[in-house]
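Structure, as structure tokens:
The values are calculated or read from the model by the stated rules, or taken from the named source; none is laboratory data. Nothing here was measured: the structure is a model prediction, and the numbers come from that model. Neighbour counts run over all protein chains shown; Cβ positions are idealised from the backbone, glycine included. For the accessible areas, the whole protein counts, side chains as well, though only heavy atoms, and no ligand, DNA or RNA atoms are used. Shrake-Rupley method; radii C 1.70, N 1.55, O 1.52, S 1.80 Å.
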Amino acid sequence: MTNGIWVVFKKEMSHFFGDKRLFFTSVIMPGLLIYVLYTIMGSYMSSMIKEETESFKTAAVNMPQTVELALLEYNFEIEHIDRNDIEKAKQGISDGDYAIVAVFPDDFETALSNYTPDESNGSVPNVEIYYKSVNSNSSIAYMDLVSVLDAMEDQLNNVFDVNNNENSDITYDLATKQDATGNTIGMLLPMLLMTLMYSSCASLAPESIAGEKERGTICALLITPVPRSHIIMGKLASLSLMALMGGVSSFLGIILSMPSLMSSMNMAGASDLISADVYRPSDYIWLMVLIITTVLLMVTLISILSTLAHSVKEAGTLVMPLMMAVMLSSFASMGMSSGEVPTAAYLIPLYGTSASFSGIFTFSMNPLCVLLNVCSNVVLSGIGVFVLTKLFNNEKVMFNG
Amino acid sequence: MNNEIIKVDNISKSFNLSAKQRKARKISEKTITAVDHISFSAYEGEIFGLLGPNGAGKTTTLRILATILKPDSGNAYINGKSVVDAPFDVRRQIGFLTSEVKMEEFFTPDQLFGFFSEMHGIPEEKCEERKNALFELFGIDKFAQTKVADLSTGMKQKVSLVIAVAHDPKVVIFDEPTNGLDVIMAKVVTDFLLELRRQGKTIIISTHIFSLIEKLCDRVGIINNGKMVVCDSLSKLTEKESLEELFFRLYEGGEVS
């Protein structure tokens with residue numbers, strides 16, 4: 001009767017692939033949703049950035065040529081107006097004719113040229129900038145003009161420069177492609193992976209065990225001569241495979257929507273050093289081993305809670321603390337390099353996995369620590385199977401006896 | 001007398017009651033004895049009926065025989081195999097059917113029959129042969145490829161019966177076989193049980209319907225408050241009075257409360 005595991009596995013998989021709705025909601029939908037959501041997010045971010053690069057129509061009174069030249073870089077369109085037209089121009093901001101109105105004092109340039117750093121606090125020229133904070137175009141134009149004016153003010157006081165070596169080939173940012181990728185991916189992906197894996201497991205396991213209990217179909221299974229441990233292993237193997245498929249689908253959704261997200265990030269000035277090709281094949285192998293063992297552990301834990309529940313709804317409530325544990329573990333190890341996590345901590349389920357993911361993504365992985373976590377996942381899953389067998393043999397749990 | 005196939009030897013079973021259950025039953029005891037030192041036997045090729053009111057302990061007794069529950073004390077044997085010590089050997093020899101056992105609605109009768117045959121380790125060829133014979137006998141072949149979800153209640157009942165005996169068990173345990181069925185389906189079930197007896201199977205049923213016992217059973221055990229009140233062949237029990245008269249005489253005499 002050793003093929004009991006295989007028979008149960010086959011049955012569960014045939015249900016999974018045969019039930020179009022279940023397959024769609026568990027495998028196709030997560031990836032599709034993520035792809036659509038992230039692509040829309042990317043497009044939205046791009047459109048926001050595009051909006052920022054639109055020209056800023058500015059009504060200016062007495063704007064010095066030096067300021068006007070500096071503003072060219074920021075896409076300002078300057079329209080010189082007379083001091084008498086200020087009120088009309090201010091109304092123009094509300095009407096959308098101007099982004100801002102900048103009013104410089106008549107003697108602004110003279111005041112600047114006469115300025116000496118050791119001059120005591122006397123009266124200084126005041127530049128008035130009118131803008132509308134609720135209008136993004138006006139608000140950005142205001143910030144850009146203020147930063148240009150601040151830079152001018154700093155130049156008057158210039159005592160030293162930082163990294164002012166524009167004509168040389170010196171690169172001051174020593175971050176490599178690997179560093180930049182590790183930093184960005186290491187912050188985001190471990191948590192994302194943990195959440196996606198958990199979601200996949202939590203959407204399937206309660207239905208397979210608590211659902212069967214609720215519908216009364218588990219009784220027929222338990223009065224067959226197949227050992228209950230085999231029934232459990234068959235269920236866990238099939239659930240793990242289904243959850244992995246759901247996880248892969250979500251992962252593909254992320255990868256496929258990445259170009260849209262990345263292009264919007266690059267437009268926003270993020271590092272263009274980020275690239276997935278800096279990871280070695282061995283990193284991917286470690287990732288795969290970690291994902292498989294973690295999914296197995298998550299499925300086992302959710303199955304234990306589902307066995308204790310009388311219905312799918314109750315199982316959903318019981319697994320909530322586990323979701324919190326997944327989230328907390330992911331937060332706690334966010335962006336951590338391997339050296340920051342004590343070796344023994346890799347034995348802690350979920351936290352150790354999240355730390356291992358961070359280690360792999362930040363290129364600071366200690367193979368021994370990751371191996372420790374993989375072993376911990378496998379051993380804990382084994383203990384979970386033992387606990388599940390005990391629960392399946394408990395008449396009170398299975399039959400409310 | 002034929003071979004003793006089912007032997008129930010002094011079994012007892014109690015359940016803990018939650019505060020909610022105690023309140024509902026209006027009792028203060030924390031445990032309830034569902035089966036109290038029951039013993040009886042059933043022999044090859046006979047139908048044994050457990051008769052009693054609701055809550056008498058019939059279902060618990062059958063669940064112990066089906067290895068779903070373990071007795072607190074005593075033992076029960078199916079064809080010499082102990083339900084406590086050799087549950088896997090017992091499960092190979094029994095077909096258990098109750099209203100609590102449901103079928104997965106996603107699958108077709110054909111798939112379910114194949115699945116449960118595999119779970120019992122039946123070779124594919126033998127499974128196919130038995131499936132064809134049983135499906136034809138019950139007219140299931142017409143809807144063998146239709147999902148259980150799309151079948152009528154009567155069709156589902158037929159499929160349940162057939163799947164319970166997919167592995168050709170020596171013993172069939174049937175809890176309340178006609179409970180909730182219309183007259184047509186009830187006849188299908190009783191005919192099926194008679195056919196199984198004709199094939200030499202040993203059948204044990206539980207019911208509170210006198211006519212069903214009179215129609216089907218060779219031997220009867222009247223059970224109440226977890227105790228076996230009387231157990232003998234139907235012919236002996238009904239020598240001087242009908243089964244119903246016997247039951248209520250015992251009831252009025254205080255033996256069946």
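Select from the stretch B:145-157 the residues that are open to solvent by less than 80 Å² (accessible area, probe 1.4 Å), without any contact (Cβ under 8 Å) to a residue 40 or more places away in the chain and part of a helix (DSSP H, G or I) and list them in ascending order.
If the condition is that a residue be open to solvent by less than 80 Å² (accessible area, probe 1.4 Å), without any contact (Cβ under 8 Å) to a residue 40 or more places away in the chain and part of a helix (DSSP H, G or I), then B:154, B:155, B:157 are the ones that fit.
Does residue A:317 satisfy the condition of being open to solvent by less than 40 Å² (accessible area, probe 1.4 Å), in the same structural domain as residue A:293 (by TED's automatic domain parsing) and of a type in the set (Val, Ile, Thr)?
Taking the combined requirement at face value, the residue does not satisfy it.
Anything in the stretch B:106-120 that is open to solvent by 30 Å² or more (accessible area, probe 1.4 Å) and within 8 Å of chain A (Cβ to nearest Cβ)? List them, or say none.
B:106, B:111, B:118
Would you check which residues across the stretch A:180-206 are in contact (Cβ under 8 Å) with a residue 12 or more places away in the chain and surrounded by fewer than 20 Cβ atoms within 10 Å (Cβ to Cβ) and list them?
Scanning the stretch A:180-206 gives A:180, A:183, A:184, A:187, A:189, A:192, A:195, A:199, A:203.
Given the options A:323, A:334, A:288, A:327, name the one that is outside any helix (DSSP H, G or I) and either open to solvent by 30 Å² or more (accessible area, probe 1.4 Å) or β-branched (Val, Ile, Thr) (or both).
A:334
Among the candidates A:368, A:380, which residue alone is aliphatic (A, V, I, L, M), under 31 Å from the mean Cα position of the chain (by Cα), over 30 Å from residue B:13 (Cβ atoms) and at pLDDT 95 or above?
Every option except A:380 fails the conditions.
A quick yes/no check of all residues on (1) part of a helix (DSSP H, G or I); (2) charged (D, E, K, R); (3) under 20 Å from residue B:44 (Cα atoms):
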site: B:181; (1), (2), (3): no, no, no
site: B:194; (1), (2), (3): yes, no, yes
site: B:197; (1), (2), (3): yes, yes, yes
site: B:206; (1), (2), (3): no, no, yes
site: B:236; (1), (2), (3): yes, yes, yes
site: B:240; (1), (2), (3): no, yes, no
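Determine, yes or no, whether residue A:211 is more than 19 Å from residue A:15 (Cα to Cα) and in the same structural domain as residue A:250 (by TED's automatic domain parsing).
no
Would you check which residues across the stretch A:40-61 are surrounded by fewer than 16 Cβ atoms within 10 Å (Cβ to Cβ) and at pLDDT 75 or above and list them?
Selection gives A:40, A:41, A:43, A:44, A:55.
Can you report the number of residues in the stretch A:284-315 which are within 28 Å of residue A:395 (Cβ to Cβ) and not small (Gly, Ala, Ser)?
Here the count works out to 15.
Considering only residues that are open to solvent by less than 50 Å² (accessible area, probe 1.4 Å) and either of a type in the set (Lys, Arg) or over 15 Å from residue B:101 (Cα atoms) (or both), look in the stretch B:167-178 and name the one that is farthest from the other protein chains (Cβ to nearest Cβ).
Among them, the one singled out is B:171.
Checking the condition within 41 Å of the chain's Cα centre (by Cα) and assigned to a strand (DSSP E or B), which residue from A:68, A:54, A:77 passes?
The unique qualifying residue is A:77.
Looking at (1) in a strand (DSSP E or B); (2) over 19 Å from residue B:102 (Cα atoms), can you tell me which one residue B:142 breaks?
(1)
Can you go through A:141, A:175 and tell me which one is within 30 Å of residue A:327 (Cβ to Cβ) and either touching a Ser or Thr at 6+ places or on another chain (Cβ under 8 Å) or open to solvent by 60 Å² or more (accessible area, probe 1.4 Å) (or both)?
A:175
Going residue by residue through the stretch B:22-35, is there one that turns out to be closer than 24 Å to residue A:215 by Cβ and either open to solvent by 40 Å² or more (accessible area, probe 1.4 Å) or under 21 Å from the mean Cα position of the chain (by Cα) (or both)?
No: zero hits.
A quick yes/no check of all residues on (1) in a helix (DSSP H, G or I); (2) closer than 22 Å to residue B:79 by Cα; (3) in contact with a Pro (Cβ under 6 Å, 6 or more places away or on another chain):
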site	(1), (2), (3)
B:20	yes, no, no
B:28	no, no, no
B:37	no, yes, no
B:41	no, yes, no
B:45	no, yes, no
B:48	no, yes, no
B:53	no, no, no
B:59	yes, yes, no
B:62	yes, yes, no
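What are the residues in the stretch B:59-80 that are open to solvent by less than 10 Å² (accessible area, probe 1.4 Å) and more than 14 Å from chain A (Cβ to nearest Cβ), if any?
B:76
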